[in-house]
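Okay, structure first, notes after.
The values are calculated or read from the model by the stated rules, or taken from the named source; none is laboratory data. In this text the structure is predicted, and so the values were computed from the model without any measurement. Note: ideal-geometry Cβ built from the backbone for every residue, glycine included; neighbour counts use all protein chains shown. To get the accessible areas, we keep the full protein, side chains included, count just its heavy atoms, and leave off ligands, DNA and RNA. Shrake-Rupley method; radii C 1.70, N 1.55, O 1.52, S 1.80 Å.
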Amino acid sequence: MTTATTGSARAQGVVGTAHTRVEGRDKVTGAARYAGEIPFADLAHGWLVLSTVARGRIRTIDTGPVLALPGVLAVLHHGNAPRVETDYIGLLGMPPDPTAAVFQNDRVPHAGWPVALVVAETSEQAREAAEALVVAYDREAHDTELATGHPGAHPAGGVMPGETAKGDLAAGLAASAVVVDEEYTTPEEHHSMMEPHAATARWDGGRLEVVDSNQGTTWVQTELASMFSLDASAVRVRSEHIGGGFGSKGLRAHQVAAVMAATHLQRPVRVVMTRRQMFSLAGYRSPTVQRVRLGADTDGRLRALEHCSLNQTSTVYEFVEPGAGVARVMYDAPAHRTVNEVVPLDVPSPTFMRAPGEAPGSFAIESALDELAVRCGVDPIELRLRNEPETGPVSGLPFSSRNLDACFREGARRFGWAERDPRPGVRRDGRWLLGTGTAAASFQAGAGPSTALVTAEADGTFTVRIAAADLGTGARTALTLVAADALEVTPERVRVRIGDSDFGPAMIAGGSMGTRSWAWAITAAAAELRERLALGADIPADGITVRSDTTEALGRLAQKERHSFGAQFAEVAVDTATGEVRVRRMLGIFAAGRIVNPLTARNQLVGGMIWGISMALHEEAVRDRGSGALYAPDLAGYHVATHADVGDIQADWVEDPDPDDPVGIKGVGEIGIVGAAAAVANAVRHATGVRHRHLPIRPDRVLAAGVRPAGGDADA
Ligand code: MOS
């Protein structure tokens with residue numbers, strides 16, 4: 001028996017100080033194992049077979065020859081797979097995407113649809129057999145073209161209302177001295193996280209255990225329990241180390257196929273997606289077609305704002321990429337209308353992808369505001385500050401805090417904005433034209449109910465258990481610092497264990513809400529534990545454990561507009577001979593709540609900004625109209641920004657502690673990408689005098705659009 005105090009010797013906490021990742025050494029030495037490499041005795045390997053047609057029915061699956069191949073154990077398909085339940089509402093308040101409920105019928109709704117799983121003794125045997133499996137289809141005509149005016153397009157909600165409107169838009173536009181009315185498009189984009197999706201399923205003493213790579217173990221646990229009609233307590237999901245998620249790592253075909261095969265064979269089965277399979281099975285960001293109409297007085301004050309965003313979804317699931325949502329938070333006008341529309345096509349289901357809605361939406365609205373600034377002859381920062389709303393433009397609610405002006409002022413100072421000559425095409429460096437641009441950013445700052453277990457161990461250390469997920473973001477380290485401060489001990493005395501659904505319900509790593517939600521639960525449990533220890537409680541050999549649940553505390557939060565904000569700045573050089581655009585400098589200043597770990601938070605923000613460069617200049621998945629499938633669905637064909645594409649890039653923040661959060665956190669997961677592509681596009685306009693409204697701004701587009709004589713302006 002030991003007595004421990006949590007002590008109050010340290011006056012200063014560790015939240016806000018830089019710490020390298022607590023699992024960093026394990027990761028760089030290879031000791032940290034990822035889902036696809038954890039050993040299991042008697043492991044069998046499943047390989048998914050995907051449809052080669054974009055629409056139709058499976059006529060036959062010729063399993064006989066494949067079952068005779070070396071090592072092959074089974075072929076699961078719609079003719080023999082167990083039926084699963086899909087009529088339920090999952091943890092996020094949404095029904096499941098039927099793409100994950102594999103092998104339920106003979107319909108093929110898009111190219112790359114899972115039609116079978118071949119299971120063999122080795123991964124190589126499974127792959128060879130999967131490639132040999134002959135599937136015959138009855139083909140039907142497909143439609144994969146997203147276009148405005150598509151007869152299937154309709155307003156759609158999802159995580160937010162599909163449409164908002166106030167005031168008289170036509171009258172507002174008619175009364176405006178300056179009007180912008182333009183269409184902006186963004187292409188299909190893919191998460192392309194480093195670690196592919198991988199899951200191993202096995203039955204262990206009547207309990208289903210799944211070792212996975214996901215953004216929420218209790219999320220995947222509850223989805224699997226619903227789908228296989230099991231009690232949640234009969235399912236355990238673990239996911240310790242994750243090589244990126246970005247919204248894509250929820251319940252997907254690989255986990256369900258692995259569970260079906262493990263059940264069928266009564267041995268552990270692993271299913272790993274290949275990089276190519278991820279392009280149709282892992283979700284993606286829908287392309288968008290967005291129309292923005294702005295009406296303003298000559299001083300840039302808005303009279304009318306309309307933002308309509310059209311995205312595609314599959315025919316089996318309605319996912320809305322809510323591009324118009326960002327205008328509901330950022331800018332007010334007496335006449336204000338926002339609409340998210342969706343059209344079902346014969347394509348894979350899109351899903352959440354870093355800043356869903358805000359990323360493409362901010363490209364359109366922040367480009368349009370830049371156009372308005374040019375036409376009004378008002379500085380783009382000044383134009384935004386003149387349109388700062390007092391309350392939520394649509395909700396009318398107060399902001400919990402809104403320090404966008406502080407971000408712009410600090411960013412402008414550090415970027416040297418005051419020296420900028422607003423005329424386009426006047427700065428040169430040899431054959432390069434130089435330009436600078438800016439854009440605003442915002443992302444919701446929320447929290448979800450979570451439970452945490454905090455244990456005072458007999459040896460004087462503390463163990464935190466929470467079903468959190470560290471996607472590589474540094475969440476585990478941030479939670480260690482939060483727990484240390486809450487317990488008033490050094491971080492060395494705190495061990496944080498995450499990624500296990502047995503630790504109880506917790507928020508997913510999503511919506512930029514993970515760290516905040518988990519920190520809240522840990523803070524609550526730690527406070528109660530300290531009280532108990534302060535009373536001089538003896539610590540038995542198995543420690544003293546306190547469990548928290550933040551459901552009630554979160555329910556008591558007042559209704560407010562809760563968001564992070566930011567100001568993005570970019571300097572580009574455009575090669576007039578080749579059309580190449582290079583981002584020489586980028587600066588992001590954010591008001592994103594209290595920063596728990598500056599080292600990893602900066603990493604998150606810079607990572608988002610690099611993704612913004614990538615979105616502006618490189619990323620584009622191109623669908624072939626004839627086959628309905630992607631051209632070159634791999635990382636050779638799908639370009640992302642690499643080291644050579646990134647110049648001097650900096651992220652920093654202003655003081656902005658959330659007034660209603662116990663630690664002051666808002667969340668930094670997603671805001672880094674918001675506005676980043678617009679800042680680059682606005683800089684390209686400043687460099688060349690030509691406005692680019694279609695991403696990515698490829699060399700061929702730059703060349704075709706040309707440049708304007710110094711000081712001139714045009715549209716591409
Ligand atoms: Mo993020 S797109 O909420 O994982």
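So which residues in the stretch 343-361 are open to solvent by less than 10 Å² (accessible area, probe 1.4 Å), outside any loop (DSSP other than H, G, I, E, B) and either farther than 22 Å from Gln444 by Cα or not hydrophobic (A, V, I, L, M, F, W, C) (or both), if there are any at all?
The answer is Val343, Pro360, Gly361.
Is it the case that some residue within the stretch 626-638 is surrounded by 19 or more Cβ atoms within 10 Å (Cβ to Cβ), under 21 Å from Gly437 (Cβ atoms) and not basic (Lys, Arg)? Give the derivation first.
The initial filter retains those residues of the stretch 626-638 that are surrounded by 19 or more Cβ atoms within 10 Å (Cβ to Cβ), namely 628-630, 633, 638.
Checking which are under 21 Å from Gly437 (Cβ atoms) leaves us with none.
No, because not a single residue in the stretch 626-638 is surrounded by 19 or more Cβ atoms within 10 Å (Cβ to Cβ), under 21 Å from Gly437 (Cβ atoms) and not basic (Lys, Arg).
Which residue is nearest to Ser564 (Cα to Cα), if the candidates are limited to the stretch 285-305 and must be open to solvent by 10 Å² or more (accessible area, probe 1.4 Å) and not in a loop (DSSP other than H, G, I, E, B)? If you could, list the steps in order and put the result at the bottom.
Taking the stretch 285-305 as the starting set, the residues that turn out to be open to solvent by 10 Å² or more (accessible area, probe 1.4 Å) are 287, 289, 291, 293, 297-299, 301-303.
Next cut, not in a loop (DSSP other than H, G, I, E, B) only: 289, 291, 293, 302-303.
Numbers: Val289: 26, Arg291: 25, Arg293: 25, Leu302: 23, Arg303: 25 Å.
Looking at the filtered set, the residue picked out is Leu302.
Grab the strands (runs of 3 or more DSSP E) fully contained in the stretch 413-512, keeping just those with 1 or more residues being aliphatic (A, V, I, L, M).
Values: elements: 427-429, 432-444, 451-456, 462-465, 494-497.
The strands (runs of 3 or more DSSP E) meeting that bar are 432-444, 451-456, 462-465, 494-497.
In the list Ala509, Ala483, Ala469, Ala534, which residue meets the criterion of being more than 27 Å from the chain's Cα centre (by Cα) and outside the structural domain of Phe246 (by TED's automatic domain parsing)?
Result of the check over Ala509, Ala483, Ala469, Ala534: Ala534.
Can you pull out the strands (runs of 3 or more DSSP E) entirely within the stretch 113-190 that have at least 1 residues that are open to solvent by 20 Å² or more (accessible area, probe 1.4 Å)? Steps first, answer last, please.
Values: elements: 114-120, 134-139, 163-166, 178-186.
In the stretch 113-190, the matching strands (runs of 3 or more DSSP E) lie at 134-139, 163-166, 178-186.
Only one of (1) away from the ligand (no atom under 16 Å from the Cβ); (2) part of a loop (DSSP other than H, G, I, E, B); (3) in contact with a strand residue (DSSP E or B) (Cβ under 8 Å, 6 or more places away or on another chain) is not met by Asn682, so which one is it?
Going through (1) away from the ligand (no atom under 16 Å from the Cβ); (2) part of a loop (DSSP other than H, G, I, E, B); (3) in contact with a strand residue (DSSP E or B) (Cβ under 8 Å, 6 or more places away or on another chain) one by one, Asn682 breaks only (2).
Please find, among Thr186, Thr218, Thr200, Thr222, the residue that is within 16 Å of the ligand (Cβ to nearest atom), farther than 30 Å from Met609 by Cβ and outside the structural domain of Gly669 (by TED's automatic domain parsing). Steps first, answer last, please.
On the way: Thr186 fails: farther than 30 Å from Met609 by Cβ; Thr200 fails: within 16 Å of the ligand (Cβ to nearest atom); Thr222 fails: within 16 Å of the ligand (Cβ to nearest atom).
Testing whether each residue is within 16 Å of the ligand (Cβ to nearest atom), farther than 30 Å from Met609 by Cβ and outside the structural domain of Gly669 (by TED's automatic domain parsing) leaves just Thr218.
What pairs come up if the first residue lies in the stretch 568-582 and is in the same structural domain as Ala704 (by TED's automatic domain parsing), the second is part of a loop (DSSP other than H, G, I, E, B) and at pLDDT below 95, and their beta carbons are under 7 Å apart, counting only those six or more places apart or on different chains?
Asp575/Arg431; Thr576/Arg431; Thr576/Val707; Ala577/Arg431
Looking only at the stretch 377-404, how many residues end up being closer than 21 Å to His336 by Cβ and touching a helix residue (DSSP H, G or I) at 6+ places or on another chain (Cβ under 7 Å)?
Total meeting the criteria: 8.
Would you check which residues across the stretch 476-495 are over 15 Å from Trp518 (Cβ atoms) and of a type in the set (Val, Ile, Thr) and list them?
The answer is Val489, Thr490.
Within the stretch 31-82, work out how many residues are among the basic types (Lys, Arg) and in contact with a Ser or Thr (Cβ under 9 Å, 6 or more places away or on another chain). I'd like the intermediate steps shown before the answer.
Of the residues in the stretch 31-82, the ones among the basic types (Lys, Arg) are 33, 55, 57, 59.
Checking the rest, the ones that are also in contact with a Ser or Thr (Cβ under 9 Å, 6 or more places away or on another chain) come to 55.
Adding up the residues that qualify gives 1.
Just to verify a result, which residue in the stretch 235-247, among those that are part of a strand (DSSP E or B) and either within 24 Å of Met278 (Cα to Cα) or within 16 Å of the ligand (Cβ to nearest atom) (or both), is least open to solvent (accessible area, probe 1.4 Å)? Before the answer, list the steps.
Our first condition is that a residue be part of a strand (DSSP E or B); within the stretch 235-247, this holds for 235-238.
Then keep just the ones that are either within 24 Å of Met278 (Cα to Cα) or within 16 Å of the ligand (Cβ to nearest atom) (or both); that gives 237-238.
On the way: Val237: 0, Arg238: 82 Å².
Within the stretch 235-247, the match that is least open to solvent (accessible area, probe 1.4 Å) is Val237.
Being more than 19 Å from Tyr88 (Cβ to Cβ) and either open to solvent by less than 10 Å² (accessible area, probe 1.4 Å) or in contact (Cβ under 8 Å) with a residue 24 or more places away in the chain (or both) is the filter here; which residues of the stretch 205-234 pass it? So that I can check it myself, show each step before the final result.
We begin by selecting, within the stretch 205-234, every residue more than 19 Å from Tyr88 (Cβ to Cβ); these are 205-207, 209, 211-213, 215.
Gly206, Arg207, Glu209, Val211, Asp212, Ser213, Gln215 - these are the residues of the stretch 205-234 that are more than 19 Å from Tyr88 (Cβ to Cβ) and either open to solvent by less than 10 Å² (accessible area, probe 1.4 Å) or in contact (Cβ under 8 Å) with a residue 24 or more places away in the chain (or both).
For the stretch 568-596, give me the residue count where each residue is within 25 Å of the chain's Cα centre (by Cα) and crowded, with 19+ Cβ neighbours inside 10 Å.
15
Would you check if Asp405 is of a type in the set (Asp, Glu) and buried (at least 24 other Cβ atoms within 10 Å of the Cβ)? Please lay out each step first, then the result.
Values: of a type in the set (Asp, Glu): yes; buried (at least 24 other Cβ atoms within 10 Å of the Cβ): no.
Against the criterion (of a type in the set (Asp, Glu) and buried (at least 24 other Cβ atoms within 10 Å of the Cβ)), Asp405 does not qualify.
Within the stretch 169-191, how many residues are farther than 28 Å from Pro350 by Cβ and out of contact with any helix residue (DSSP H, G or I) (no Cβ under 7 Å at 6 or more places or on another chain)?
Going through the stretch 169-191 one residue at a time, the tally reaches 9.
Restricting to the stretch 511-532, name every residue that is open to solvent by less than 40 Å² (accessible area, probe 1.4 Å), more than 14 Å from Val494 (Cβ to Cβ) and more than 16 Å from the ligand (Cβ to nearest atom).
Trp520, Ala521
Take the residues in the stretch 14-35 that are outside any loop (DSSP other than H, G, I, E, B) and of a type in the set (A, V, I, L, M, F, W, C); name whichever of them is least open to solvent (accessible area, probe 1.4 Å). Working first, answer last.
First, the residues of the stretch 14-35 that are outside any loop (DSSP other than H, G, I, E, B): 24-29, 35.
Checking which are of a type in the set (A, V, I, L, M, F, W, C) leaves us with 28, 35.
Numbers: Val28: 128, Ala35: 3 Å².
Looking at residues that are outside any loop (DSSP other than H, G, I, E, B) and of a type in the set (A, V, I, L, M, F, W, C), I get Ala35.
Could you check, for the stretch 320-339, whether at least one of its residues is within 14 Å of the ligand (Cβ to nearest atom) and open to solvent by 20 Å² or more (accessible area, probe 1.4 Å)?
Within the stretch 320-339, none of the residues are within 14 Å of the ligand (Cβ to nearest atom) and open to solvent by 20 Å² or more (accessible area, probe 1.4 Å).
Could you tell me which residue of the stretch 533-567 is farthest from the ligand (Cβ to nearest atom), considering only residues that are closer than 30 Å to Ala679 by Cβ and crowded, with 19+ Cβ neighbours inside 10 Å? First the steps, then the outcome.
Pass one, the stretch 533-567, residues closer than 30 Å to Ala679 by Cβ: 560-567.
Now drop any that are not crowded, with 19+ Cβ neighbours inside 10 Å, which leaves 561-567.
On the way: Glu561: 19, Arg562: 15, His563: 14, Ser564: 13, Phe565: 18, Gly566: 17, Ala567: 22 Å.
It comes out as Ala567.
Name the one entry in Pro344, Pro348 that is more than 16 Å from the ligand (Cβ to nearest atom), closer than 23 Å to Thr164 by Cα and touching a Ser or Thr at 6+ places or on another chain (Cβ under 6 Å).
Details: Pro348 fails: closer than 23 Å to Thr164 by Cα.
Answer to the check: Pro344.
Among (1) surrounded by 20 or more Cβ atoms within 10 Å (Cβ to Cβ); (2) in contact with a Lys or Arg (Cβ under 9 Å, 6 or more places away or on another chain); (3) not aliphatic (A, V, I, L, M), where does Gln255 come up short?
All conditions pass for Gln255, except number (2).
State all residues of the stretch 362-396 that are open to solvent by 10 Å² or more (accessible area, probe 1.4 Å) and under 26 Å from the mean Cα position of the chain (by Cα); if no residue qualifies, say none.
Val394, Ser395
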